[in-house]
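Participant: Pasting in a structure now, in structure tokens, and then I'll have a few things to ask.
Taken together, the values in this text are just the output of simple stated rules run on the coordinates, not laboratory data. A quick note: this is a predicted structure, and the numbers were derived from the prediction, not measured. Using ideal geometry, Cβ is built from the backbone for each residue, glycine included, and neighbour counts are taken over all protein chains shown.
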Amino acid sequence: MTDYYQEALKLFAYSQSIRRDLHIHPELGFQEVRTSGIIAAELREIGLEVTTGIAKTGVIAMIDGDKPGPIIMLRFDIDALPIAEQTGTEYASQNPGLMHACGHDGHVAIGLTVARLLNDHRDEINGTVKLIFQPAEEIANGAERMIEEGALEQPSPANCLGLHIWNLKPIGWLGIADGPVMASAAQFAIKLTGKGGHGAIPHLAIDPVVAAAQIISAAQTIASRNSDPQETCVVSFCSLRAGDAFNVIPQIVEMKGTIRTYNPEVGQMVYKRLTEIVHGVGKAMGCEVELIIDNITPAVINDPKITQIVKRAAKKVLPDHDLDEKGYVTMGAEDFGFYQKKIPGTFFFIGSSNSENGLTYGHHHPKFDFDEGALPRGAALMAAAAVEYLKT
Ligand code: NI
């Protein structure tokens, strides 16, 4: 196999210039018009057949190998976040209030570099590589919409690969694990309607604040008492809105929160218990209760066979790296799970922090920045994994 890392290092200036340009011009989900235009132009520049406008700003390109074989899909997300950047770098965001604070600028640069690497080595491709540049990962809508608009058809890939540069681990670390690596996410919204009144005359009111407090406390038992201790489950209340005045019992309390699990059965248990607690406790406290639970993303669960292929590629192309076969398991969510529900695949992590350069802030932090050495590593591993897959 070609030494894709050496080749990716030769393309480093290209990867870096793409990444920095996108970093200066971040765009939110489904609004990545400039980003998507650059992606399409870069792919056309090297002669690829490109489809644009999938899920509004998504881009798809095909690389046919010299020999026939299966189709593998490689997915890169492209959107930024509503965060005001505080890095002070020369390539800091020039779009006020918007920032590539998750590293998706790096993912686009990796994807375009992979396109060049594979396009230069069609002789090593037995089959077809389908490159997917996906909008709106941060709002967890992009993958679903890409699928609805036919991203997994004509032609249909058999398997999929995705990656994330990962600032919680140092440059040189590679996380490639099978099984669950990122959690499913759901959001819930609760509205408790009581009877407002004077804070000094509580017996004539129905206090939804006290009901909310009881519900929040009781819901802590879902993870601690209802969930099997061997299973993983998080229930967090993150927003609580009640009255404004110090002496007025409000009429309404609204709460929002999130549920994270790996196992769908645990997810169903959490939904059932949360529903019972919210309705049971809320009614017992005299309130009218509304509860909405929305699934946002399924868990990212890696296929053992495909994961083996990625590990094999990593050992070939990045042999002196710290390959962590347990990977990094996080309760964070990723809409890559939508593709994996349709076609088995693997999502892996490329370490990208560097404490010597102060590049240690986590994803979604206003000072987030990563070691750009992750770009050639990510591109080399993704390209090598695709070639390794198509060989088998
Ligand atoms: Ni991300």
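Participant: Looking only at region 154-170, which residues are more than 14 Å from the ligand (Cβ to nearest atom) and under 21 Å from Ile78 (Cβ atoms)? If you could, list the steps in order and put the result at the bottom.
Facilitator: Quick first cut of region 154-170, residues more than 14 Å from the ligand (Cβ to nearest atom) only: 154-161, 169-170.
Result: Pro157, Cys160, Leu161.
Matching residues to (1) more than 22 Å from the chain's Cα centre (by Cα); (2) under 28 Å from Leu359 (Cβ atoms); (3) basic (Lys, Arg):
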{"position": "Ser93", "(1), (2), (3)": "no, yes, no"}
{"position": "Met99", "(1), (2), (3)": "no, yes, no"}
{"position": "Ile110", "(1), (2), (3)": "no, yes, no"}
{"position": "Thr113", "(1), (2), (3)": "no, yes, no"}
{"position": "Leu117", "(1), (2), (3)": "yes, yes, no"}
{"position": "Lys130", "(1), (2), (3)": "no, no, yes"}
{"position": "Phe133", "(1), (2), (3)": "no, yes, no"}
{"position": "Ala136", "(1), (2), (3)": "no, yes, no"}
{"position": "Ala140", "(1), (2), (3)": "no, yes, no"}
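Participant: Here is a follow-up. With the requirement that a residue be more than 27 Å from Gln340 (Cα to Cα) and within 16 Å of the ligand (Cβ to nearest atom), what does region 65-82 give you? So that I can check it myself, show each step before the final result.
Facilitator: Here is the first cut: in region 65-82, the ones more than 27 Å from Gln340 (Cα to Cα) are 66, 82.
Of everything in region 65-82, just one residue is more than 27 Å from Gln340 (Cα to Cα) and within 16 Å of the ligand (Cβ to nearest atom), namely Pro82.
Participant: Assuming Met62 fulfils every condition listed in (1) within 16 Å of the ligand (Cβ to nearest atom); (2) of a type outside the set (Phe, Trp, Tyr); (3) surrounded by fewer than 20 Cβ atoms within 10 Å (Cβ to Cβ); (4) in a strand (DSSP E or B) apart from one, which condition is it?
Facilitator: (1)
Participant: Separate question: Only one of (1) in a loop (DSSP other than H, G, I, E, B); (2) within 16 Å of Gly162 (Cβ to Cβ); (3) touching a helix residue (DSSP H, G or I) at 6+ places or on another chain (Cβ under 7 Å) fails for Phe370. Which number is that?
Facilitator: The failed condition is (2).
Participant: Let me ask something additional. Condition first: among the polar types (S, T, N, Q) and more than 18 Å from Val278 (Cβ to Cβ). Now tell me which residues in region 234-250 satisfy that. Step through it out loud before you land on a result.
Facilitator: Taking region 234-250 first, the residues among the polar types (S, T, N, Q) are 236, 239, 247.
Within region 234-250, just Asn247 meets the criteria.
Participant: Those residues that are more than 16 Å from the ligand (Cβ to nearest atom) and farther than 17 Å from Ile38 by Cα, I need them from region 130-141; list them, please.
Facilitator: Step one: of region 130-141, the residues more than 16 Å from the ligand (Cβ to nearest atom) are 130-131.
Within region 130-141, just Lys130 meets the criteria.
Participant: Please find, within region 95-129, the residue that is nearest to Asn167 (Cα to Cα) out of those that are touching a Lys or Arg at 6+ places or on another chain (Cβ under 7 Å) and within 16 Å of the ligand (Cβ to nearest atom). Step through it out loud before you land on a result.
Facilitator: Keep residues of region 95-129 that are touching a Lys or Arg at 6+ places or on another chain (Cβ under 7 Å), which gives 105-106, 109, 126.
Checking the rest, the ones that are also within 16 Å of the ligand (Cβ to nearest atom) come to 105-106, 109.
On the way: Asp105: 14, Gly106: 12, Ala109: 17 Å.
Only one residue fits best here, namely Gly106.
Participant: Are any of the residues in region 83-94 surrounded by 16 or more Cβ atoms within 10 Å (Cβ to Cβ) and within 12 Å of the ligand (Cβ to nearest atom)?
Facilitator: no
Participant: If you don't mind, there's one more thing I want to ask. Can you name every residue in region 296-344 that is in contact with an Asp or Glu (Cβ under 6 Å, 6 or more places away or on another chain) and away from the ligand (no atom under 16 Å from the Cβ)? Steps first, please.
Facilitator: Just the residues of region 296-344 that are in contact with an Asp or Glu (Cβ under 6 Å, 6 or more places away or on another chain), to begin with: 297, 300, 302, 304, 307, 309, 312-313, 335, 338, 344.
Correct list: Asn302, Pro304, Thr307, Ile309, Arg312, Ala313, Pro344.
Participant: From the list Thr258, Thr307, pick out the single residue that is buried (at least 21 other Cβ atoms within 10 Å of the Cβ) and of a type in the set (Ser, Thr, Tyr).
Facilitator: Details: Thr258 fails: buried (at least 21 other Cβ atoms within 10 Å of the Cβ).
That would be Thr307, the only listed residue that is buried (at least 21 other Cβ atoms within 10 Å of the Cβ) and of a type in the set (Ser, Thr, Tyr).
Participant: When the residues of region 33-53 are filtered to those that are surrounded by 22 or more Cβ atoms within 10 Å (Cβ to Cβ) and among the aliphatic types (A, V, I, L, M), which remaining residue is farthest from Thr128 (Cα to Cα)?
Facilitator: Within region 33-53, the match that is farthest from Thr128 (Cα to Cα) is Ile39.
Participant: Could you pull out the residue among Gln31, Gln6 that is of a type in the set (S, T, N, Q), more than 20 Å from Leu381 (Cβ to Cβ) and out of contact with any helix residue (DSSP H, G or I) (no Cβ under 7 Å at 6 or more places or on another chain)? So that I can check it myself, show each step before the final result.
Facilitator: Working: Gln6 fails: more than 20 Å from Leu381 (Cβ to Cβ).
None of the other options fit; the residue is Gln31.
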